[in-house]
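Trainee: This is the structure, below, for whatever I ask next.
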Amino acid sequence: MVDASLAPGFLIASPPLGDPNFERTVVLLGLHGPSGALGFVINRVAPLKLGDVMGLAGYGPTPSAAAGAVLVGGPVEPGSGWVLSGDASPASDVPGAIELSTDVSISSSRSVFDALARDLETPPATLGKRLIILGYSGWGPGQLEGEIAHGSWLPAPFDAKVLFDVDVGQRWEAAFALLGVSPAMSMGMRIVGNA
């Protein structure tokens, strides 16, 4: 049983997890405690682009034309939008923000989307150190601890470099590297552990 909070941190889907929503995923765990856990898949690209999301949210033509990938954060409320920010802006200024470190926070507040739209209006339009995520992953009380005990997830320490310096397609392997193992080594350990 996991006694201490794992947030902020990563959850790495053990190969093979068996749930298509999470196969080969890395989840950024934002909240974890007695009432459950909240996280965001950080390595699954959504079919929508940034401009599509900004247009659906009612922003003008310039933000609606913005290029950039959007991530699928999980199967819960897939229409909810979140901005994961890696700049040093204080999370306490944003209502409902989850502060992951002094430089990293995540929020679904309209104010963070308004700030993003303003940045996309100003040349050169750029996301900067931000990831846009649709939906989230959630666990009820004790559910995540049970899945970890079953071997479905490997907890790993939080490292902002995995979020902002590693290509989306390489984040699963990069998260394993935080533990000093590879996915293949993990699969071998799980098979032995289930023998």
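Trainee: Tell me which residues, restricted to the stretch 54-104, are aliphatic (A, V, I, L, M) and out of contact with any helix residue (DSSP H, G or I) (no Cβ under 9 Å at 6 or more places or on another chain).
Mentor: Correct list: 72, 76, 88, 91.
Trainee: Write out, first by first residue and then by second, each pair whose Cβ atoms fall under 8 Å of each other, whose residues are 6+ apart or on separate chains, and whose first residue, in the stretch 81-98, is assigned to a loop (DSSP other than H, G, I, E, B) while the second is at pLDDT 90 or above and among the β-branched types (Val, Ile, Thr).
Mentor: 86/104; 94/112; 97/106; 97/112
Trainee: Another one. May I ask you to verify whether residue 20 is surrounded by fewer than 15 Cβ atoms within 10 Å (Cβ to Cβ) and in contact with a helix residue (DSSP H, G or I) (Cβ under 8 Å, 6 or more places away or on another chain)?
Mentor: It is false that residue 20 is surrounded by fewer than 15 Cβ atoms within 10 Å (Cβ to Cβ) and in contact with a helix residue (DSSP H, G or I) (Cβ under 8 Å, 6 or more places away or on another chain).
Trainee: Could I ask something else about it? Can you name the residue in the stretch 118-156 that is among the small types (Gly, Ala, Ser) and either part of a strand (DSSP E or B) or touching a helix residue (DSSP H, G or I) at 6+ places or on another chain (Cβ under 8 Å) (or both) and is also modelled with the lowest pLDDT among such residues?
Mentor: 125
Trainee: Just to be sure before I move on: is residue 70 hydrophobic (A, V, I, L, M, F, W, C) and buried (at least 16 other Cβ atoms within 10 Å of the Cβ) in the structure I sent?
Mentor: Spelling it out, residue 70 is indeed hydrophobic (A, V, I, L, M, F, W, C) and buried (at least 16 other Cβ atoms within 10 Å of the Cβ).
Trainee: Sticking with this one: Pick from 79, 73, 33: which is in contact with a strand residue (DSSP E or B) (Cβ under 8 Å, 6 or more places away or on another chain) and modelled with pLDDT of 95 or more?
Mentor: Values: 79 fails: modelled with pLDDT of 95 or more; 33 fails: in contact with a strand residue (DSSP E or B) (Cβ under 8 Å, 6 or more places away or on another chain).
None of the other options fit; the residue is 73.
Trainee: Kindly indicate which of 120, 163, 134, 179 is more than 14 Å from residue 13 (Cα to Cα), surrounded by 15 or more Cβ atoms within 10 Å (Cβ to Cβ) and over 16 Å from the mean Cα position of the chain (by Cα).
Mentor: 120
Trainee: Residue under question is residue 14, and the condition is that it be in contact with a helix residue (DSSP H, G or I) (Cβ under 8 Å, 6 or more places away or on another chain) and either under 18 Å from residue 136 (Cα atoms) or touching a residue at least 24 places away in the same chain (Cβ under 8 Å) (or both); does it hold? Working first, answer last.
Mentor: Details: in contact with a helix residue (DSSP H, G or I) (Cβ under 8 Å, 6 or more places away or on another chain): yes; either under 18 Å from residue 136 (Cα atoms) or touching a residue at least 24 places away in the same chain (Cβ under 8 Å) (or both): yes.
Judged against the criteria, residue 14 is a match.
The values are calculated or read from the model by the stated rules, or taken from the named source; none is laboratory data. Predicted model, so just to flag it, every value in this text is computed and none were measured. Virtual Cβ from ideal backbone geometry, glycine too; neighbours counted across all protein chains shown.
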